[in-house]
Amino acid sequence: MLEIACESCGSAVCRYQKDGPGNLRRMYLDRVSDPKVSLDDKGLFCPEGHWLGVKIIYKKEDRPAFRLFVDAVTKKIVKG
Ligand SMILES: [Zn+2]
């Protein structure tokens with residue numbers, strides 16, 4: 001489980017259960033928990049309004065996800 005925060009201001013955004021290794025480029029909505037911000041918009045914003053990513057439908061799996069901008073968020077491993 002990862003705790004996702006805004007790189008610019010450090011505000012907590014959500015928790016995320018990552019599937020597979022590598023960089024976090026997409027966050028699938030069905031793996032997001034404890035969101036501090038709206039997941040219903042087309043953009044993902046931190047509580048302070050920094051723009052972190054855009055919503056996409058990951059076609060390979062037909063799953064809605066947020067595609068994160070490079071270095072938009074920080075991640076910290078936490079216990080689920
Ligand atoms: Zn921010």
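Tabulated results
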quantity	calculated
Residue match in the stretch 47-69 (condition: among the acidic types (Asp, Glu) and surrounded by 11 or more Cβ atoms within 10 Å (Cβ to Cβ))	yes
Index of the failed condition, Val78 passing every other in (1) over 11 Å from the mean Cα position of the chain (by Cα); (2) open to solvent by 40 Å² or more (accessible area, probe 1.4 Å); (3) in contact (Cβ under 8 Å) with a residue 24 or more places away in the chain	(2)
Scan of the stretch 1-35 for residues that are free of Cβ contacts under 8 Å to residues at least 60 places away in the same chain, within 11 Å of the ligand (Cβ to nearest atom) and within 11 Å of the chain's Cα centre (by Cα), ordered by number	Ala12
Residue in the stretch 7-24 that is in contact with a Cys (Cβ under 6 Å, 6 or more places away or on another chain) and open to solvent by 60 Å² or more (accessible area, probe 1.4 Å) present	no
The stretch 36-45, subset within 15 Å of Val73 (Cβ to Cβ) and open to solvent by 20 Å² or more (accessible area, probe 1.4 Å), residue nearest to the ligand (Cβ to nearest atom)	Phe45
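The values are calculated or read from the model by the stated rules, or taken from the named source; none is laboratory data. Remember, predicted model here, so these are calculated numbers, not experimental data. Glycine gets a Cβ as well: all are built from the backbone with ideal geometry, and neighbour counts include every protein chain shown. Note: accessible area is taken over every heavy atom of the protein model, side chains too, but ligands, DNA and RNA are not part of it. Shrake-Rupley method; radii C 1.70, N 1.55, O 1.52, S 1.80 Å.
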